[in-house]
1. (1) part of a helix (DSSP H, G or I); (2) under 21 Å from Val37 (Cβ atoms); (3) at pLDDT 95 or above; (4) not charged (D, E, K, R): which one isn't true of Ala134, the others all being true?
2. Against the condition at pLDDT 95 or above and either within 23 Å of Ala182 (Cα to Cα) or in contact with an Asp or Glu (Cβ under 8 Å, 6 or more places away or on another chain) (or both), how does Val83 come out, does it pass?
3. Can you name the number of the only condition in (1) under 20 Å from Thr90 (Cβ atoms); (2) at pLDDT 95 or above; (3) surrounded by 13 or more Cβ atoms within 10 Å (Cβ to Cβ) that Ala205 fails?
4. Suppose we keep only residues that are closer than 17 Å to Leu108 by Cβ and of a type outside the set (Val, Ile, Thr) within the stretch 45-70. Which one would you say is surrounded by the fewest Cβ atoms within 10 Å (Cβ to Cβ)?
5. Do the conditions hold for Glu117, that is, is it of a type in the set (Asp, Glu) and under 26 Å from Asn151 (Cβ atoms)?
6. Given (1) without any contact (Cβ under 8 Å) to a residue 40 or more places away in the chain; (2) assigned to a helix (DSSP H, G or I); (3) in contact with a Leu (Cβ under 8 Å, 6 or more places away or on another chain), identify the lone condition not met by Arg139.
7. State yes or no: is Gly160 outside any helix (DSSP H, G or I) and loosely packed, with under 13 Cβ neighbours inside 10 Å?
8. Go over the candidates Ala84, Ala120, Ala174 one by one and state the one that is surrounded by 22 or more Cβ atoms within 10 Å (Cβ to Cβ) and of a type outside the set (Lys, Arg).
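The values are calculated or read from the model by the stated rules, or taken from the named source; none is laboratory data. Remember, it's a predicted structure, so these values are computed and weren't measured experimentally. With ideal geometry, Cβ positions are generated from the backbone for all residues, glycine too; neighbour counts draw on all protein chains shown.
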Amino acid sequence: MLRARRRPRDERRPPVPRDGAVPDLVAMRRRHVAEVVAIEEQIFPRPWSAALYLSELATPATRAYLVALVDDAVVGYTGAILVAGEAHVTTVGVAPSWQRRGVGIRLLHRLVTEVRERGAQALTLEVRVSNLGAQELYREFGFVPAGIRKNYYPEVNEDGLVMWAYDVDDERYATRLDEIAARIARSADHGTDHGAGPGPGPAPA
């Protein structure tokens, strides 16, 4: 009996979304990079290259990168750089067909949880000033506007909004994360969406 050939990872595409599908969140590995870059090229005007992602993964002591998998295919990803008690969220990306299905909020919750465990006391990121959906998501995690980087996204001639979340190592912030986790669980139980599309976009390391 002939069996269907398992497609090489670099040929895989995100599966068709379906109700009740909950992504597995795992550490990004080299084998995921081709799929991550394929999503990057769909959602960002200045996508990171595979070489750049590989260089990030080569420094795990100061990096945290995650992917969301459905049927073993990447549907989203996120990452951060950790330096001196601060975590800079470098990217949040979700495949177009999986946006508004709770992938972004799940990824960000897991990422923030991990960097807190690794000693982060504050979080920061940049987001396009027009990306109101992402800004709404980040506010759920305690991010507040802190400044503007003029023409931070020159490929689209747009400023970057700098956002910070402070004191993420205290008990009040732990309670915030618990509340977000509970909302995610309720959304999954009821089959409703809870999330946003692409986040800040790649930022230079």
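1. Looking at each condition in turn, Ala134 falls short on (3).
2. Numbers: at pLDDT 95 or above: yes; either within 23 Å of Ala182 (Cα to Cα) or in contact with an Asp or Glu (Cβ under 8 Å, 6 or more places away or on another chain) (or both): no.
Here the answer is no, as Val83 does not meet what is asked.
3. Failed condition: (2).
4. Start the filter on the stretch 45-70 by keeping residues that are closer than 17 Å to Leu108 by Cβ, which leaves 63-69.
Now restrict to residues that are of a type outside the set (Val, Ile, Thr): 63-66, 68-69.
Numbers: Arg63: 17, Ala64: 24, Tyr65: 23, Leu66: 22, Ala68: 26, Leu69: 19.
Checking each candidate, the answer is Arg63.
5. No, not satisfied.
6. (3)
7. Details: outside any helix (DSSP H, G or I): yes; loosely packed, with under 13 Cβ neighbours inside 10 Å: no.
It is false that Gly160 is outside any helix (DSSP H, G or I) and loosely packed, with under 13 Cβ neighbours inside 10 Å.
8. Numbers: Ala84 fails: surrounded by 22 or more Cβ atoms within 10 Å (Cβ to Cβ); Ala174 fails: surrounded by 22 or more Cβ atoms within 10 Å (Cβ to Cβ).
The unique qualifying residue is Ala120.
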